[in-house]
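Computed from the coordinates by the stated procedures, all read-outs in this text should not be read as laboratory data. All values derive from a computational prediction rather than experimental measurement. FYI the Cβ positions are ideal-geometry reconstructions off the backbone, even for glycines, and counts take in every protein chain you see.
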């Protein structure tokens with residue numbers, strides 16, 4: 001599939017995770033299989049407009065939200081996908097938890113740099 005399908009899939013993953021839904025929960029809401037949701041999120045399959053509308057309604061977002069991408073998309077698509085997953089996860093946390101996660105990550109990478117240097 002093309003980069004476009006992967007971007008749509010990444011956006012779907014980001015929105016789903018921001019609402020603390022599993023693929024199974026979303027699949028049940030929209031009457032699709034978990035495998036179908038997984039394929040959509042990976043950009044392996046592309047849904048019909050009707051399916052996109054059903055998913056948007058289930059997630060309480062506008063259809064256009066799936067098509068709003070960062071204009072400065074990095075060339076490394078796997079990096080972008082992992083970054084989207086991380087951002088979506090962080091959005092499920094409260095402010096105190098985000099600050100704690102930030103500090104933990106800084107400490108981990110500081111330690112890694114010290115041990116490798």
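Numbers at a glance
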{"quantity": "Residues that are farther than 15 Å from residue 4 by Cβ and touching a residue at least 12 places away in the same chain (Cβ under 8 Å), drawn from region 45-59", "calculated": "51, 54, 55, 58, 59"}
{"quantity": "Lone qualifier among 59, 26, 40 - being more than 18 Å from residue 81 (Cβ to Cβ) and under 14 Å from the mean Cα position of the chain (by Cα)", "calculated": "59"}
{"quantity": "Test set (1) more than 25 Å from residue 101 (Cβ to Cβ); (2) in contact (Cβ under 8 Å) with a residue 40 or more places away in the chain - residue 85 fails condition number", "calculated": "(1)"}
